[in-house]
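Input: a single structure, listed below in structure tokens.
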Amino acid sequence: MHVPVAIIGCGPSGLLLSHLLHVQGIDSVILERKDRAYVEGRIRAGVLEMGTVGLMERVGVDARMKREGIIHGGIYISVNGKRQHVNIEELTGGATVMIYGQTEVTKDLIQARLDHGGEIVFEAEDVSLHDIETAKPRVRYVKDGNPVELTCDYIAACDGFHGVGRQTMPSSKLKTYEKVYPFGWLGVLAKAKPVADELIYASHDRGFALCSMRSESVVRHYVQVPSSEKIEDWSDDRFWNELRLRLGEADAELVNEGEVFEKSIAPLRSFVAEPLSHGRLFLAGDAGHIVPPTGAKGLNLAASDVHYLSEALIGKFKQNRDDLLETYSDTALARVWKAERFSWWMTSMLHTFDDHHDFDGRIRKAELEYILSSKAGLTTLAENYVGLPY
Ligand code: FAD
Ligand code: DHB
């Protein structure tokens, strides 16, 4: 079987790319290692930039998001219990973000893909990529015990950080940049009312905390924990107590406890692979780069990558243009690096490091104080938070 574009991975980047191509009449097949329930149940990000919302609109998968998503025009930043509002909408001249879980984005995109006759092969095992430097790349996989081979014109590796796409690129052609942080985020999902009307990013001497939400009755909260921490050591009570301590006395009163139905620890990492393409293989989303979650850029970068990649593929299939494919990596990376900078900056300003009492720690404290007291500083934060233009 031949398909114009083989897409590896059924996360937000693979799904959105498949839709963006479909609305231009370009066929693709998505190969996904896991089953549908697993993919739809994976709890991750929750803040969509307007650019991401715009892409969902463009592919016509925006009805439920518009109904159930919550628009936020600001965030709160709390420092050792003192909370300040950052009016992002005002600082950016009208930009906002949308609170809508990645789980819901994925569910909506999968359903729409299937409704439009799109092909998603779940539980595709042992996916391997071949002849990527030729005009006829091939993808092999195993489905229900049977080997299958696809030929295609292009392969989009949207298969996340541990996927096969980046691993297939010759290591001599790939340069990677990485920073691993000495802490992770312990996150819980709970049936409770949000702490405030908007998200609270809390910097505290005990460590960072974030109060987010998925709806008016479901919250998503995080606390910074050392990388060595074990989830078994965090009872629900310990979590709620720690969250309250990091919010300070006044906001602690506003924390509504509720049934915790998901709890996990995610490591924090900054990572970029360059370039994002080799021959006819293109990397998009987490396959090519990772950001620490502070500032909610991971999912949104996946969306901007596939925006650029879809334009490049559409240019090729519709107008036989090669230039956008040739510049895809540079174009996408220019935006990726700015989001890497922002996520690193937010992470370093808001988290507690071991050098808390050293020079570097004091500089970070001064930087946060400066940013929060300066219109220019807050504007920088706001325009990055809502997402830089594509
Ligand atoms: P993914 O969502 O990872 O999708 C890749 C898909 O490829 C997966 O379905 C995977 O099963 C599949 N796959 C992998 N290997 C293969 C293979 N060999 N063959 C076939 N299929 C394969 N971002 C935020 O902004 N805020 C957050 O709070 C946040 N929390 C996160 C928590 C965790 C635990 C993780 C891992 C990420 C989090 N992120 C967060 C980041 C955000 O979720 C990602 O940036 C986003 O999912 C990237 O989308 P993607 O489609 O590129 O990759
Ligand atoms: C969420 C995650 C983030 O990384 C962030 O900055 C804001 C919100 C969330 O999961 O809701």
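The values are calculated or read from the model by the stated rules, or taken from the named source; none is laboratory data. Here the structure is a predicted model, which means the values were calculated and not measured. Quick reminder, even Gly has a Cβ in these numbers, built from the backbone with ideal geometry, and neighbours come from all protein chains shown. Surface areas here come from the heavy atoms of the whole protein model, side chains and all, with no ligands, DNA or RNA. Shrake-Rupley method; radii C 1.70, N 1.55, O 1.52, S 1.80 Å.
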(message) I want to check the label-to-label distance for residue 353 and residue 266. Put each point 7 Å from Cα in the C-beta direction and report it in nm to one decimal.
(response) 2.2
(message) If you average the C-alpha positions of region 310-343 and of region 348-379 separately, how far apart do those two centres end up, in angstrom?
(response) 34
(request) Determine the order of 216, 340, 90 by accessible area, beginning with the largest, at a probe radius of 1.4 Å. (result) 90, 216, 340
(request) Report, in debye and to the nearest 20, how large the dipole of the chain comes out about its Cα centre when Lys and Arg carry +1 and Asp and Glu carry -1 on their Cβ. (result) 360
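Under Stokes-Einstein, with the Kirkwood radius over Cα pairs standing in for Rh, what whole-number D in µm²/s applies to region 271-390 at 4 °C and 1.567 mPa s? Present the calculation step by step, with values, prior to reporting the outcome.
Numbers: Rh = 15.9 Å.
Answer from the Stokes-Einstein relation: 81 µm²/s.
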(message) Given N residues in region 1-158, what is its alpha carbon radius of gyration divided by 2.2 N^0.38 Å?
(response) 1.26
(message) In region 262-280, whose amide N lies under 18 Å from the spot 7 Å out along Cα-to-Cβ of residue 237? List them in ranges.
(response) none
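Given the convex hull of the Cα atoms of region 155-197, what is a quarter of its surface area in nm²? Write down the numbers at each step before the final one.
On the way: hull surface 26.0 nm².
Taking the Cα atoms of region 155-197, their convex hull projects to 6.5 nm² on average.
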(request) Jot down the per residue volume, in cubic angstrom and as a whole number, of the convex hull over the alpha-carbon atoms of region 335-390. (result) 74
(message) At 1.4 Å probe size, what's the solvent-accessible area of residue 79? Round to the nearest 10 Å².
(response) 50
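How fast does region 7-89 diffuse by Stokes-Einstein, in µm²/s, taking the Kirkwood radius from C-alpha pairs at 4 °C and 1.567 mPa s? All intermediate terms of the calculation are to be shown ahead of the outcome.
Numbers: Rh = 15.5 Å.
Stokes-Einstein gives a translational diffusion coefficient of 84 µm²/s.
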(request) For residue 257 and residue 274, compute 0.36 nm times the residue count separating them, minus their Cα-Cα distance, and round to one decimal in nm. (result) 1.7 nm
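Keeping the other protein chains in place, figure out the carbon and sulfur percent of the accessible area of the chain, with a 1.4 Å probe.
Ligands and nucleic acids excluded, carbon and sulfur give 49 percent.
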(request) Apply the Debye scattering formula to region 116-224, with a single equal point scatterer on each alpha-carbon and no solvent, then give log10 I(q)/I(0) at q = 0.13, 0.19 Å⁻¹. (result) -0.80, -0.95
(message) Given the C-alpha atoms of region 70-120, compute the convex hull and give its volume per residue in Å³.
(response) 117
(message) How charged is the neighbourhood of residue 358? Take every other residue with its Cβ under 15 Å from the Cβ of residue 358, and add Lys/Arg as +1 and Asp/Glu as -1.
(response) -2
(request) Work out the charge dipole of the chain with +1 on the Cβ of Lys and Arg and -1 on the Cβ of Asp and Glu about the Cα centre, then indicate which of 276, 261, 14 is farthest towards its positive end. (result) 276
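About its Cα centre, what dipole magnitude does region 246-370 give when the only charges are +1 on Lys and Arg Cβ and -1 on Asp and Glu Cβ, stated in debye to the nearest 20? Spell out each step's value before the answer.
Details: 14 positive and 21 negative charges, 124 e Å.
Here the size comes out at about 600 debye.
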(request) Give me the distance in nm between label points sitting 7 Å out from Cα along the Cα-to-Cβ direction at residue 111 and residue 63, one decimal. (result) 0.9
(message) Among DSSP bridges having both ends in the chain, what percentage is antiparallel? Round to the nearest 5.
(response) 75
(message) Please list 3J(HN,Hα) in residue order for region 142-154, calculated via the Karplus relation 6.51 cos²θ - 1.76 cosθ + 1.60 where θ = phi - 60°; whole Hz, with x for glycine and proline.
(response) 10, 10, 6, x, 9, x, 10, 10, 10, 9, 8, 8, 9
(message) Just to be sure I understand the rule: take each whole DSSP H helix in the chain, project its Cα atoms onto its long axis, keep it if the span is 30 Å or more and its mean Kyte-Doolittle hydropathy is at least -0.5. Which ones pass?
(response) 298-319, 323-350
(request) Excluding residues fewer than 8 places away in the same chain, name every one of the lysines whose C-alpha is closer than 26 Å to that of residue 193. (result) 66, 82, 107, 263, 297
(message) Stokes-Einstein diffusion coefficient for the chain at 20 °C in a medium of 1.002 mPa s, Rh from the Kirkwood formula over Cα pairs: what value in µm²/s?
(response) 99
(request) Pull up the cross-link candidates among the aspartates and glutamates for residue 175, meaning alpha carbon to alpha carbon under 17 Å and not fewer than 8 places away within one chain. (result) 274, 286, 330, 340
(message) With both bridge residues required to lie in region 1-144, what share of the DSSP beta bridges run antiparallel, to the nearest 5%?
(response) 65
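Given a 1.4 Å probe, how much area per residue of the chain is accessible, in Å²? Mind dumping the intermediate values first?
Values: 16630 Å² over 390 residues.
Per residue, the chain has an accessible area of 43 Å².
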